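Visitor: I'd like to ask some things about the structure below.
The values are calculated or read from the model by the stated rules, or taken from the named source; none is laboratory data. Just so it is clear, the model here is predicted, and its values are computed rather than measured. Because the Cβ atoms are built from the backbone with ideal geometry, glycine has one as well, and the counts that use them run over all protein chains shown. Heads up: the accessible areas ignore ligands, DNA and RNA and are worked out on the full protein's heavy atoms, side chains in. Shrake-Rupley method; radii C 1.70, N 1.55, O 1.52, S 1.80 Å.
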Amino acid sequence: NWRGGRSTVERQASEHDCMIYFVRPVLNPSQPALTDEARELADATGGGYFQVPEHGDLEAAFAGVAEELRHQYLLGFSPTRLDGKMHRIDVRMTRPEWKARARTTYLAVPQK
């Protein structure tokens, strides 16, 4: 488990505009490779997850993360209210072959 719980980690990632990626080697095929909580956290922050087979190439998995980061687009918007609260956000694509990986919440914090 994460110190402070998933909601704390998710909030901190949102405050600092961070995406969370998990790279997990699968050491035992009968063991779940990645928890649902980890998948949900990666999805909520716009990050991702890579599972590496037992004798797989960790270097290739990290190269996959780097490759994904190099092919991202950044979209922005200005919220109408900066109330310091978390708000839901839903990003949709107009073409079925396109895939959006985006955070599911944002923190509307006033500029300092």
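Visitor: How about the range 62-77: which of its residues are charged (D, E, K, R) and either in contact with a Lys or Arg (Cβ under 9 Å, 6 or more places away or on another chain) or open to solvent by less than 100 Å² (accessible area, probe 1.4 Å) (or both)?
Guide: In the first step, residues of the range 62-77 are kept if they are charged (D, E, K, R); the result is 67-68, 70.
Once the filter is applied, which keeps residues that are charged (D, E, K, R) and either in contact with a Lys or Arg (Cβ under 9 Å, 6 or more places away or on another chain) or open to solvent by less than 100 Å² (accessible area, probe 1.4 Å) (or both), the range 62-77 yields 67, 68.
Visitor: Could you check how many residues of the range 1-26 are at pLDDT below 85, under 28 Å from residue 92 (Cβ atoms) and in contact with a strand residue (DSSP E or B) (Cβ under 6 Å, 6 or more places away or on another chain)?
Guide: 2
Visitor: Then there is this: Within the range 48-61, work out how many residues are surrounded by 10 or more Cβ atoms within 10 Å (Cβ to Cβ) and more than 14 Å from the chain's Cα centre (by Cα). Quick ask: steps written out before the conclusion?
Guide: Narrowing the range 48-61 to residues surrounded by 10 or more Cβ atoms within 10 Å (Cβ to Cβ): 48-53, 56-58, 60-61.
Still in the list and also more than 14 Å from the chain's Cα centre (by Cα): 51-53, 56-58, 60-61.
Counting residues in the range 48-61 that are surrounded by 10 or more Cβ atoms within 10 Å (Cβ to Cβ) and more than 14 Å from the chain's Cα centre (by Cα) gives 8.
Visitor: Being among the hydrophobic types (A, V, I, L, M, F, W, C) and more than 20 Å from residue 13 (Cβ to Cβ) narrows it down to one residue among 60, 44, 108, 102; which is it?
Guide: Numbers: 44 fails: more than 20 Å from residue 13 (Cβ to Cβ); 108 fails: more than 20 Å from residue 13 (Cβ to Cβ); 102 fails: more than 20 Å from residue 13 (Cβ to Cβ).
Being among the hydrophobic types (A, V, I, L, M, F, W, C) and more than 20 Å from residue 13 (Cβ to Cβ) holds for just one of 60, 44, 108, 102, which is 60.
For every residue, the table says whether it meets (1) of a type outside the set (Gly, Ala, Ser); (2) part of a helix (DSSP H, G or I); (3) touching a helix residue (DSSP H, G or I) at 6+ places or on another chain (Cβ under 7 Å); (4) farther than 19 Å from residue 101 by Cα.
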position	(1), (2), (3), (4)
7	no, yes, no, yes
34	yes, no, no, no
41	yes, yes, yes, no
51	yes, no, no, no
54	yes, no, no, yes
65	yes, yes, no, no
76	no, no, no, no
79	yes, no, no, yes
84	no, no, no, yes
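Visitor: Hey, could you check the range 78-112 for residues that are among the charged types (D, E, K, R) and without any contact (Cβ under 8 Å) to a residue 24 or more places away in the chain and say which is surrounded by the fewest Cβ atoms within 10 Å (Cβ to Cβ)? So that I can check it myself, show each step before the final result.
Guide: Taking the range 78-112 and keeping what is among the charged types (D, E, K, R), we get 81, 83, 85, 88, 90, 92, 95, 97, 99, 101, 103, 112.
Cutting the leftovers down to without any contact (Cβ under 8 Å) to a residue 24 or more places away in the chain gives us 85, 88, 90, 92, 95, 97, 99, 112.
Details: 85: 11, 88: 8, 90: 7, 92: 7, 95: 6, 97: 5, 99: 7, 112: 3.
Taking the candidates together, the pick is 112.
Visitor: Okay, moving on. Would you point out the residue of the range 27-47, among those that are more than 19 Å from residue 91 (Cβ to Cβ) and surrounded by 15 or more Cβ atoms within 10 Å (Cβ to Cβ), that is modelled with the highest pLDDT? First the steps, then the outcome.
Guide: In the first step, residues of the range 27-47 are kept if they are more than 19 Å from residue 91 (Cβ to Cβ); the result is 27-38.
Pick out the ones that are also surrounded by 15 or more Cβ atoms within 10 Å (Cβ to Cβ) and you get 33-34, 38.
Numbers: 33: 68, 34: 75, 38: 85.
Per the stated criteria, the residue is 38.
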